[in-house]
Each structure stands twice: as C-alpha cells, then as structure tokens.
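The values are calculated or read from the model by the stated rules, or taken from the named source; none is laboratory data. These numbers were taken from a predicted model, which means no experiment stands behind them. FYI the Cβ positions are ideal-geometry reconstructions off the backbone, even for glycines, and counts take in every protein chain you see.
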Amino acid sequence: MIRFAIRTSALLAALAAPLAAAAQTAAPALRANVTVSSDIVRIGDLVENCGPVADIPIFRSPDLGTSGTVATERVVDAIRPHHLIDIDTRGLTSVTVTRLSRAIGVEEISARIAKTLAAQYALGDPRDVTVYFDREVRALEVEPDAAGDLQVTGLSYDPRTTRFDVTLDLPSSPTLHRHPVRYSGTALETVAAIGVDRPVEHGETLKESDLVVLRRPKTEAGGIGDMAQVVGLAARHQLHPGQPLRSSDLTKPEIVQRGDTVTIVYEAPGMVLTLRGQAQDAGALGDTIGVLNTQSKRVVQGTVTAPGRVTVSAAATRVVDNGAAMAPAAGAAGSSE
C-alpha cells in the first residue's frame, strides 16, 4: 500500500513538472490597454510574460490624466534591442496607454483662492467670496499619490477693482511643482439671492424645484436670500432666470378669481350658515373681497379662507351696494339657504 502511494506521488510530480515549465516559458504577449502611474512606460507594462526585462523603460507616458496610442510596430521595434522576440501581438495594430492622475477640480481651486483672499484682505467668510476667472479653468491633473492642499506662492489683489493675480503650487506633485499655475480674475464678497431657473409667467405659483440660489455682490444686497420665503408665493409679473427675486416680485397666490362661484360661510355665535355666492374680486388666502349673494343680490365683504370659500363674520358683515348695515343677516342668510 505504501509502495503504491509512493508511485502515485512520483507520477503526479512527473506530470506537474512539464506544466510548471510550460508556465514559466509562456510566450510573451502584447496587452491591448495599459494603465501606468509613472512618467515612463516599461516593457512589463506593455507585454505579458516578458521575464527579466519587465522593468526596462522604453516610452514616455502620456500627460497626467490622458491617454495615447502606440502602433504595434513601434512597440516591437523598441523591445527588439532587449532580446525579447517572438512576441504574440494578438493581431493588435496599436496599444492604448492611460496615465493615472488625481484631479483637483475648479471648485477646489476657487476655494483655495477665496480662502487666501479672505484671510489677507478681510473679505469676510471665504464661503461668501466668489471668484470669477478671466478665462476658462479646467481641473488640474496631478500624480495619484500627490497629497496635500494647493499652496499660494504668489498673490496680488486690488480691493478697488477687485482684481487678483495668483500662483498656485503643490509641492508633493513633481509635475505641478515644476510648472506652477497662474490665474487672474476678479473676487468679491457676495450674498445669497434666490432666483428662478426658468421663465415664470404672471400668477404662477413657485415651487422649490423652480428656484436656484444665485450669488450677488454684497453691495447689491436687497433680494430674498431664503428659499422658504419664496416657495408657495405667486409671481406678480413675468420672472426671468438670473435675476434675484425681491418682495415686490411676489404675492400670495389667488385662490379665488373674480366671477367664481363660491360658498359663503356666515359665522355668528352659536350658528354657521352657508349659501351660494359669486366673487366680485380676486383674492388670496386671507384677503378680504366682495361677494354677491346670488339670491338676495346683496354684496358683502368676506375673508378668503380656502379655495372657493369666503367666510363672513357677524361683526364684519355689511351691505356694500347701499352702504347700509346688514342687520338681519342671519335671517337673510338662512332664508337664502
């Protein structure tokens, strides 16, 4: 039994040896897509199973955060002097090389400038300092392992014109440290202002989804800065995007229109009477409007308390057409019902 086990182990070892040798001598093969993090591309990045020549550099990497293609013939020609032959090109005509990066977005760039300006020129809270660049600004691409925050290495600012000129560096990024970036533009202290994000017609009621937060120079303060003060109100006139809303632009929405058929609710101590009427004016919730009792043909003043509902209290009831007091209002209202 022991002899059989020894023979089986020897057989398995004999079968495994060629497989291991085959694995070690697997043919080098070209990769279709390559991702690198350094500024050079090595043979091992481009070719699988390339053995001891894997760390030999042969190409410069693309710029940070970009991709480039290399023709297969160029790859093979660059590798040939290093005695790596019989590369399986897998029928590829080119190889795509992408260089990894860490993007520093425009918001981070603006925030760094605003923070420095606020600290050095007493512009208040950095979150209220808005930076406007002279030209389009794109994200900065730095090495993936470049840590830390952007550093301001040069800054000038004219409070009178609000213009700035700034140079930014990131010491942990060899690329950015060699070539610091420079920006110019204007920066000023701003306040929040509520506006609409689409044209709004007269009388239209505003929802939160219709509103946006704008930033306006502090010297132009006067608009509404709290979205909660706007939601549910109606436009007094047509509203346009990009313009801060002011109290004079808004009103309570009219829930009763002139000519609407409404329910008149007469309230007196110990009783509530209802009858049909016709609104003589348009009104929002809480407004006082005239309403015509369609049976008695008398107009009374009431308060809009709900859509299609006007409440008349005993203390406030009066006849409008002749100016006389509606003394027997409870009886009249009851008989109209």
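Observations
- Scanning segment 171-192 for residues that are more than 15 Å from SER110 (Cα to Cα) and touching a helix residue (DSSP H, G or I) at 6+ places or on another chain (Cβ under 8 Å) returns PRO171, VAL191.
- Filter result (hydrophobic (A, V, I, L, M, F, W, C) and in a strand (DSSP E or B)) within segment 273-298: LEU273, LEU275, ALA279, ALA284, ILE289, VAL291, LEU292
Conditions (1) on the phi > 0 side of the Ramachandran plot; (2) among the hydrophobic types (A, V, I, L, M, F, W, C), marked per residue:
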residue: THR153; (1), (2): no, no
residue: THR162; (1), (2): yes, no
residue: ASP165; (1), (2): no, no
residue: LEU170; (1), (2): no, yes
residue: THR175; (1), (2): no, no
residue: VAL181; (1), (2): no, yes
residue: ALA187; (1), (2): no, yes
residue: ILE194; (1), (2): no, yes
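- Any hit, segment 140-147, residues being hydrophobic (A, V, I, L, M, F, W, C) and either within 25 Å of VAL213 (Cα to Cα) or in contact with a Pro (Cβ under 6 Å, 6 or more places away or on another chain) (or both): no
- Set ARG112, ARG127, ARG80: member being modelled with pLDDT under 95, part of a helix (DSSP H, G or I) and under 21 Å from the mean Cα position of the chain (by Cα): ARG127
- Within segment 204-244, the set of residues being loosely packed, with under 15 Cβ neighbours inside 10 Å and either more than 28 Å from ARG127 (Cα to Cα) or not assigned by TED's automatic domain parsing to the domain that holds ASP128 (or both) comprises GLY232, ARG236, HIS237, GLN238.
- Considering the conditions (1) surrounded by 15 or more Cβ atoms within 10 Å (Cβ to Cβ); (2) closer than 26 Å to THR303 by Cβ, VAL196 is excluded by exactly one of them, (2).
- Residue selection: GLY259 fails the criterion of being more than 43 Å from the chain's Cα centre (by Cα), modelled with pLDDT of 90 or more, closer than 29 Å to LEU206 by Cβ and not assigned by TED's automatic domain parsing to the domain that holds ARG215.
Quick grid of which residues meet (1) assigned to a loop (DSSP other than H, G, I, E, B); (2) in contact with a strand residue (DSSP E or B) (Cβ under 7 Å, 6 or more places away or on another chain):
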residue: GLY225; (1), (2): yes, yes
residue: GLY232; (1), (2): yes, yes
residue: GLY242; (1), (2): yes, yes
residue: SER248; (1), (2): no, no
residue: ILE255; (1), (2): no, yes
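- Scanning segment 91-109 for residues being within 22 Å of ASP165 (Cα to Cα) and surrounded by 20 or more Cβ atoms within 10 Å (Cβ to Cβ) gives a total of 2.
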